[in-house]
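A.B. asks: Structure below; questions to follow.
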Amino acid sequence: MDEDTPLPPAIEALDAYLLSDRSPPDCMDLSELDGFLAGVVAGPEVIAPSEWLPIVWDGDEPEFEDEAQASTILGAIMERYNAIATALAGDQESFVPLFWEAADGTPVVDEWAIGFMRAVSLRADAWDPVLKDEDSAILLIPIGIVAGQALGEEDPQLRIPEEAMDDLMEDGDMMMAACAVGLYNFWRDREAGAAAHLTH
């Protein structure tokens, strides 16, 4: 995370908890969680927290010191979910993903991309129209490639020339944010078009 821009206290507490021994050993870290929430919000269908929250914990039960800590941590996750939803539905330039930083200060987008693609996998079939549309496919492909490379599981469906990928990733942090915004808009425009079709 950018050291010059402090995180809100609730998100700081969430970050510390996710890295602590009380959280499940294979739960998401803050950047992966942020990408995951963005993917849930930007996707084709509304997914209830009761479905996606267990994935944050990798299917384990998180341990909390007391009810107050449980309320703080779960509240922080929902607060971040709502902040992403508000930004994508309103002032989209205010949407700023949470990325780790390398030692030289450059953003590390891998974990965020992995989280986003985990959200896509919840509704893989419903996401198909994105990949079938050339204009929107370019919005999902960079996220999928970054996630695949990080996991060592490259998807043959998600391919663009290496040179084009290098260009895209030169500003990987801005590219990830722009892709999420574009995908959110793709589904909302599609919904609006379907609604307009029904009214005629």
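The values are calculated or read from the model by the stated rules, or taken from the named source; none is laboratory data. These figures come from a predicted structure and were not determined experimentally. Virtual Cβ from ideal backbone geometry, glycine too; neighbours counted across all protein chains shown.
A.B. asks: Taking into account only those residues within the range 1-48 that are more than 21 Å from Tyr184 (Cβ to Cβ), among the hydrophobic types (A, V, I, L, M, F, W, C) and assigned to a loop (DSSP other than H, G, I, E, B), which is modelled with the lowest pLDDT?
C.D. replies: Met1
A.B. asks: Return the residues of the range 67-88 that are free of Cβ contacts under 8 Å to residues at least 24 places away in the same chain and not charged (D, E, K, R); say none if nothing qualifies. First the steps, then the outcome.
C.D. replies: Initial filter on the range 67-88 (free of Cβ contacts under 8 Å to residues at least 24 places away in the same chain): 67-68, 70-71, 74, 82-83, 86-87.
Once the filter is applied, which keeps residues that are free of Cβ contacts under 8 Å to residues at least 24 places away in the same chain and not charged (D, E, K, R), the range 67-88 yields Ala68, Ala70, Ser71, Leu74, Asn82, Ala83, Thr86, Ala87.
Condition check ((1) of a type in the set (Gly, Ala, Ser); (2) more than 26 Å from Asp125 (Cβ to Cβ); (3) surrounded by 16 or more Cβ atoms within 10 Å (Cβ to Cβ)) across all residues:
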residue: Ser20; (1), (2), (3): yes, yes, no
residue: Gly43; (1), (2), (3): yes, no, yes
residue: Ser50; (1), (2), (3): yes, no, no
residue: Pro54; (1), (2), (3): no, no, no
residue: Phe64; (1), (2), (3): no, yes, yes
residue: Ser71; (1), (2), (3): yes, yes, no
residue: Met78; (1), (2), (3): no, yes, no
